[in-house]
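Here's the structure, in structure tokens; my notes come after.
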Amino acid sequence: MDRIVEIANFRYTDRAEILASLLRGEGIACYVRNGISSNVFGGGVDIGAKVELQESDAPRALEIMKAYGYPLPDEILQADYGGDDPATVKLIPFLRKFAFDRQILIIIALTLGLLALLLFAGHLLSSQHGAT
């Protein structure tokens with residue numbers, strides 16, 4: 001089974017989608033990772049829309065990229081980005097297995113849950129204090 005590799009990283013999703021369309025047109029199955037989060041943050045955060053595909057398709061994809069004038073990566077990175085994870089993943093290791101889009105949603109859900117718990121505890125304390 002092939003591993004998934006990143007062959008390009010763009011600041012904006014539209015550029016990644018153009019490359020992915022070109023590769024698909026040449027018969028190479030690929031996808032754009034982090035496209036939604038790149039759109040949400042508008043390229044202002046260094047997330048990047050990554051074009052990923054199976055490792056066995058990488059040499060042909062790189063030839064196509066070179067023929068069309070795309071910059072080639074110095075090294076093909078594995079999908080887990082080899083330790084170049086965002087700070088949140090280093091602080092919360094279980095997030096590593098999720099795409100960045102999902103990591104954001106999980107962090108928001110955890111934050112909202114903690115806030116709800118604190119509000120509930122505050123309400124209980126104030127109602128007990130007011131009852132005496």
Any idea which of 50, 66, 97 is within 12 Å of the chain's Cα centre (by Cα) and modelled with pLDDT of 80 or more?
50
Could you give every pair whose Cβ atoms fall below 6 Å, whose first residue belongs to segment 1-24 and is surrounded by 14 or more Cβ atoms within 10 Å (Cβ to Cβ), and whose second residue is in a strand (DSSP E or B) and of a type in the set (Gly, Ala, Ser), counting only separations of at least 6 or pairs across chains?
10/49; 13/49; 16/49; 19/8
Checking residue 41 against (1) among the hydrophobic types (A, V, I, L, M, F, W, C); (2) open to solvent by 20 Å² or more (accessible area, probe 1.4 Å); (3) at pLDDT 90 or above, which single condition isn't satisfied?
(3)
For segment 69-81, the count of residues that are open to solvent by 70 Å² or more (accessible area, probe 1.4 Å) and either at pLDDT 75 or above or more than 14 Å from the chain's Cα centre (by Cα) (or both) equals 4
Can you pull out the residues in segment 11-38 that are farther than 16 Å from residue 66 by Cα and either modelled with pLDDT of 90 or more or not in a helix (DSSP H, G or I) (or both)?
11, 12, 17, 27, 29, 30, 31, 32, 33, 34
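The values are calculated or read from the model by the stated rules, or taken from the named source; none is laboratory data. On a predicted model such as this, the values are computed, not experimentally measured, just so you know. With ideal geometry, Cβ positions are generated from the backbone for all residues, glycine too; neighbour counts draw on all protein chains shown. Protein only, heavy atoms only, side chains kept; ligands, DNA and RNA dropped before computing areas. Shrake-Rupley method; radii C 1.70, N 1.55, O 1.52, S 1.80 Å.
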